[in-house]
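Structure below; questions to follow.
The values are calculated or read from the model by the stated rules, or taken from the named source; none is laboratory data. On a predicted model such as this, the values are computed, not experimentally measured, just so you know. Here the Cβ positions follow ideal geometry from the backbone for every residue, glycine too, while neighbour counts run over all protein chains shown.
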């Protein structure tokens with residue numbers, strides 16, 4: 001047997017020995033497994049003092065690509081979640097074509113159902129959820145709940161509340177002094193304070209409103225894995241980080257396991273487009289497939305006919321006024 005053939009079969013040893021346990025990470029529900037996707041998560045189940053809530057400190061980082069280019073500090077993504085309790089096959093996440101300035105079938109379906117005069121359709125429109133999220137690199141400075149993550153560069157997914165806090169700093173709304181929090185010379189650390197809050201309907205959700213940027217501006221803190229300590233970059237007489245540290249900073253910022261591009265919006269596949277058609281047919285009673293139905297929601301097909309406005313795009317003013325209903329954004 002040729003040498004190259006022996007080497008090839010050695011690479012497949014796990015197949016013949018049955019040693020596939022190391023390839024089953026998707027079955028591991030531990031926190032380490034969850035962090036394998038590079039997302040920095042607030043997990044309120046790890047909070048010991050519920051009154052105090054979650055507390056950690058992060059630093060928003062500029063987006064330096066592997067090629068050494070400075071790109072947008074955050075990726076913005078609109079997604080929809082279809083939540084059909086009695087048909088899990090049709091439930092799931094979809095990146096919206098609105099990310100590419102194109103018409104979104106799920107957005108149209110939502111408004112068509114919500115603005116119809118049919119009470120059943122209006123109620124079913126609640127099964128279509130909307131989410132606008134932002135993704136940025138962050139450096140974990142402190143974490144009472146997950147100390148093993150301190151010093152790591154991860155990807156933070158956040159919503160409107162934190163996005164507005166970043167904007168307020170940029171505009172100087174709070175201190176009167178403008179600050180680009182991603183800046184390596186004059187940025188700010190962000191204190192994440194998250195508590196579990198209850199809606200009027202009794203649903204629990206994480207409340208980020210108490211989170212805030214520290215008042216003082218500082219240079220980028222660099223983490224030493226050997227010493228397990230942070231040290232801020234030195235500033236020159238102009239209160240700027242000197243470009244002579246460029247190579248050092250680039251090496252530090254690229255020491256990460258995941259890239260922002262992994263979370264960029266993706267166009268709908270043909271399979272997803274077909275599934276959205278099935279979702280529309282199912283919710284409007286036009287489906288020819290024999291999906292299971294809850295008894296209390298059964299009705300004749302006539303109950304699901306759309307009114308004359310169903311196939312029309314809502315007017316611009318109507319769309320904007322009702323966006324908040326669909327575009328509800330809890331962090």
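Can you tell me which residue within segment 111-138, out of those that are out of contact with any helix residue (DSSP H, G or I) (no Cβ under 9 Å at 6 or more places or on another chain) and under 30 Å from residue 182 (Cα atoms), is modelled with the highest pLDDT?
In this case the residue turns out to be 138.
Further question: Restricting the search to segment 22-47, which residues are at pLDDT 65 or above, over 18 Å from residue 210 (Cα atoms) and either out of contact with any strand residue (DSSP E or B) (no Cβ under 8 Å at 6 or more places or on another chain) or not in a loop (DSSP other than H, G, I, E, B) (or both)?
From segment 22-47, those at pLDDT 65 or above are 36-47; that's our starting set.
Now drop any that are not over 18 Å from residue 210 (Cα atoms), which leaves 36-40, 45-46.
36, 37, 39, 40, 45, 46, listed by residue number.
Can you tell me which condition residue 192 does not meet? The list is (1) within 19 Å of the chain's Cα centre (by Cα); (2) surrounded by fewer than 18 Cβ atoms within 10 Å (Cβ to Cβ); (3) not in a loop (DSSP other than H, G, I, E, B), and all the others hold.
For residue 192, the exception is condition (2).
Another question, then. Take the conditions in a helix (DSSP H, G or I) and either touching a strand residue (DSSP E or B) at 6+ places or on another chain (Cβ under 8 Å) or within 21 Å of residue 81 (Cα to Cα) (or both) and apply them to residue 201. Does it pass?
Answer is no for this residue.
The rows are residues; the columns are (1) closer than 21 Å to residue 136 by Cβ; (2) in contact with a helix residue (DSSP H, G or I) (Cβ under 9 Å, 6 or more places away or on another chain); (3) assigned to a strand (DSSP E or B).
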position	(1), (2), (3)
226	no, no, no
231	no, no, yes
237	no, no, no
241	yes, yes, no
244	no, no, no
247	no, no, no
251	yes, no, no
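Select, from 97, 62, the only residue that is surrounded by 18 or more Cβ atoms within 10 Å (Cβ to Cβ), at pLDDT 95 or above, over 23 Å from residue 170 (Cβ atoms) and under 19 Å from the mean Cα position of the chain (by Cα).
Selected residue: 97, the only one of 97, 62 that is surrounded by 18 or more Cβ atoms within 10 Å (Cβ to Cβ), at pLDDT 95 or above, over 23 Å from residue 170 (Cβ atoms) and under 19 Å from the mean Cα position of the chain (by Cα).
Based on this model, can you work out whether residue 108 counts as surrounded by fewer than 18 Cβ atoms within 10 Å (Cβ to Cβ) and at pLDDT below 95?
No; evaluated as a whole, the condition is false for this residue.
Those residues that are over 16 Å from residue 164 (Cβ atoms) and in contact (Cβ under 8 Å) with a residue 40 or more places away in the chain, I need them from segment 195-213; list them, please. Spell out the reasoning first.
Of the residues in segment 195-213, the ones over 16 Å from residue 164 (Cβ atoms) are 195-206.
Those that are over 16 Å from residue 164 (Cβ atoms) and in contact (Cβ under 8 Å) with a residue 40 or more places away in the chain: 195, 196, 205, 206.
Please go through segment 72-88 and give me each residue that is part of a strand (DSSP E or B) and either modelled with pLDDT under 95 or over 26 Å from residue 192 (Cβ atoms) (or both), ordered by number.
80, 82 - these are the residues of segment 72-88 that are part of a strand (DSSP E or B) and either modelled with pLDDT under 95 or over 26 Å from residue 192 (Cβ atoms) (or both).
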